[in-house]
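A short worksheet on the structure shown next.
The values are calculated or read from the model by the stated rules, or taken from the named source; none is laboratory data. Here the structure is a predicted model, which is why all the values come from computation and not from measurement. When we count neighbours, we look across all protein chains shown, and the Cβ atoms used for this are built from the backbone with ideal geometry, even at glycine. Note: accessible area is taken over every heavy atom of the protein model, side chains too, but ligands, DNA and RNA are not part of it. Shrake-Rupley method; radii C 1.70, N 1.55, O 1.52, S 1.80 Å.
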Amino acid sequence: QVQLVESGGGLVQPGGSLRLSCAASGFTSGFTFSSYVMSWYRQAPGKERELVASISSTGRSIKYTNSMKGRVTASSDNAKNTVYLQIGSLKSEDTAVYYCNAKDFWSRDHWGQGTQVTVSS
């Protein structure tokens, strides 16, 4: 069972920036970190969970949701089995729980526990 541990959330003022991290472990035998499609999702209060960014298993293709394009940068460090999400120009509407997701070879989803990001003055 893949374990995903997010960190880096907190209280940030509007216009500020934040970098979230997601450390992965417990990969299925025969698979490595680079075998998984890693994604970041977020869920704001009263709203459905939405995709923020997705990194292909090779790390060469990164897709972003249109609503945050230009303000977010996703990256991965295969040596550390970790993905990152850099968010800039934070707005109050970015307040949400941010989740890390790993999709395996069989398209099964694995989720972290989430990290809270609150944007407020």
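The table below gives the values:
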{"quantity": "Qualifying residues in the stretch 47-59 (those that are modelled with pLDDT of 95 or more and open to solvent by 50 Å² or more (accessible area, probe 1.4 Å)) - the one farthest from Cys100 (Cα to Cα)", "calculated": "Lys47"}
{"quantity": "First in the stretch 26-43 and closer than 20 Å to Arg60 by Cβ, second anywhere and acidic (Asp, Glu), Cβ under 8 Å, 6 or more apart", "calculated": "Phe31/Asp104; Ser35/Asp104; Tyr36/Asp104"}
{"quantity": "Condition met for Ser120 (open to solvent by less than 80 Å² (accessible area, probe 1.4 Å) and in contact with a Pro (Cβ under 7 Å, 6 or more places away or on another chain))", "calculated": "no"}
{"quantity": "Verdict on Ile62 being open to solvent by less than 70 Å² (accessible area, probe 1.4 Å) and touching a residue at least 24 places away in the same chain (Cβ under 8 Å)", "calculated": "no"}
{"quantity": "Members of the stretch 65-88 found to be open to solvent by 70 Å² or more (accessible area, probe 1.4 Å) and either of a type in the set (A, V, I, L, M, F, W, C) or on the phi > 0 side of the Ramachandran plot (or both), listed by number", "calculated": "Gly70, Ala79"}
{"quantity": "Of the criteria (1) over 16 Å from the mean Cα position of the chain (by Cα); (2) surrounded by 12 or more Cβ atoms within 10 Å (Cβ to Cβ); (3) farther than 15 Å from Gln43 by Cα; (4) modelled with pLDDT of 90 or more, which one Phe105 fails", "calculated": "(4)"}
{"quantity": "Conditions (1) over 25 Å from Gln1 (Cα atoms); (2) more than 16 Å from the chain's Cα centre (by Cα); (3) buried (at least 17 other Cβ atoms within 10 Å of the Cβ): number failed by Phe27", "calculated": "(1)"}
{"quantity": "The listed residue being in contact with a helix residue (DSSP H, G or I) (Cβ under 8 Å, 6 or more places away or on another chain) and modelled with pLDDT of 90 or more, out of Ala74, Ala24", "calculated": "Ala24"}
{"quantity": "The stretch 28-52, subset part of a strand (DSSP E or B) and not charged (D, E, K, R), residue farthest from Ala79 (Cα to Cα)", "calculated": "Gln43"}
{"quantity": "Of all residues in the stretch 1-14 being open to solvent by less than 60 Å² (accessible area, probe 1.4 Å) and in a loop (DSSP other than H, G, I, E, B), the one that is nearest to Ser67 (Cα to Cα)", "calculated": "Gly9"}
